[in-house]
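Take a look at the structure set out below.
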Amino acid sequence: MASIGSASSLFLVLLASFSSFSLAAKVIVGDSNHWQFGFNYTDWALKKAPFYQHDSLVFMYEAPSNTTPPHSVYLLKNLKSFLGCDLKGAKLVGNVVQGGGPGFEFVLKKRKPHYFACGEHGGVHCSLGLMKFPVFPIRSYCHG
Ligand SMILES: *[C@@H]1O[C@H](CO)[C@@H](O)[C@H](O)[C@H]1NC(C)=O
C-alpha cells in the first residue's frame with residue numbers, strides 16, 4: 001500500500017515542521033549584556049522584534065553586593081508610565097535577587113503591550129539607565 005505509506009510520511013513531515021514552528025523562543029533580555037544600567041533596551045527590543053505570544057524573556061542580573069548595584073524588573077502600568085518611568089501601580093515581576101544564576105523567565109502569555117523597567121533608585125535606572133523596553137507580543141500561528 002504505497003499510497004498510504006507516502007500519505008503517512010507526508011503527514012509526519014507536516015507534523016515535524018509544525019512542531020518545530022511551535023517551539024516558543026526564549027530570549028535573553030539584552031543578549032550578552034543581560035540586565036544592566038546604561039544599555040539601551042528600547043533599541044534592543046526594537047531590533048529583536050517581533051516577539052510572539054508564549055515566547056519567554058529571560059532576565060539575568062546579579063544579586064546586589066558591595067560591587068553590584070541592585071536591579072529588579074517591573075511591569076509598568078501603561079505607555080505614559082513607561083515614557084515617564086513612573087512606578088506608580090507597577091507590578092513586580094522579579095526582585096533584586098531573582099535575576100541571579102540562570103535568571104528567571106517571564107512568559108509573554110497575553111497579546112497586549114508590556115512595558116518592562118528596572119524599579120531601582122526610584123526610576124533612575126529606568127530613565128537615566130535606559131533599563132526599560134516595550135514588547136508587543138503577536139499571535140503565534142501554532143498556539144492560536
Ligand atoms: C535608545 O534607542 C532608541 C531606539 O533606537 C532611541 O530612540 C533613543 O534615542 C536611544 N536613547 C539613547 C539615550 O541613546
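List of remarks:
- Meets criteria (within 16 Å of the ligand (Cβ to nearest atom), β-branched (Val, Ile, Thr) and modelled with pLDDT of 95 or more) for Val135: yes
- Odd one out for Gly144, checked against (1) modelled with pLDDT of 95 or more; (2) away from the ligand (no atom under 15 Å from the Cβ): (1)
- Selection of first residues in region 79-101 that are free of Cβ contacts under 8 Å to residues at least 24 places away in the same chain and of second residues that are part of a loop (DSSP other than H, G, I, E, B), restricted to Cβ pairs under 6 Å at least 6 apart or on distinct chains, gives the following pairs, ordered by first then second residue: Gly89/Lys77; Asn95/Ser72.
- Qualifying residue in region 80-95 (condition: polar (S, T, N, Q) and farther than 20 Å from Phe136 by Cβ): yes
The values are calculated or read from the model by the stated rules, or taken from the named source; none is laboratory data. Small disclaimer: the values here were computed from a predicted structure and weren't measured. Counting neighbours? That spans all protein chains shown, and the Cβs are built from the backbone with ideal geometry, glycine included.
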